[in-house]
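Okay, structure first, notes after.
The numbers here are math on the coordinates, done by the rules we state, and not lab data. These figures come from a predicted structure and were not determined experimentally.
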Amino acid sequence: MTTIETLEGLMLVSFSVSWYWSIAKMVRTKMAAGKSLYFVLMICFGYVLGISSKLVAWREFGDLSPLISVYGWNLLVTAFDAVLVVRYSRSTAQSPQYASSVPLPAGLSSPPVEPIERNAN
C-alpha cells in the first residue's frame, strides 16, 4: 500500500468514525434535527464514485485496491444513516411537541394557533 493509499484510507476511516457518532446521536435522541436527506444521499453518491474509481483502476492496471472495501463499508454506513434520517424525520414530524420544526405547507406563513382559554378570575 502506497503513502497515497494510506492517507486516503485514514481519511475514509475518519469519515466512518464521524458517521458512527452521528448515527449514535440520532438513535439516542430519535431525532434527525439538522440532517438533510439530500446531503446524506449526495455523500452516498460520492462513495459510489469512489468505488467506481477503484474498479476502473483495477480494470486498467490490474491491481484492486484494498480501499474498495472501506469505500463499500462507508457506503453501507451512510445508507443506514439515510434510512434513519427518513425514519426519524417522519416520527419527529408526527410528534406534536416538535410541530414547530416541521416545514409548513406552501402558502402558510405560520402554523395554525389554537385560541387560549383564559380564566375569568
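So the values come out like this:
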{"quantity": "Vicinal HN-Hα couplings computed from phi for region 8-20 (Karplus, 6.51 cos²θ - 1.76 cosθ + 1.60; Hz; Gly/Pro x)", "calculated": "4, x, 5, 4, 5, 5, 5, 4, 4, 4, 4, 5, 4"}
{"quantity": "D_trans [Stokes-Einstein, Kirkwood Rh over alpha-carbon pairs] for region 31-95, 10 °C, 1.306 mPa s, µm² s⁻¹", "calculated": "122 µm²/s"}
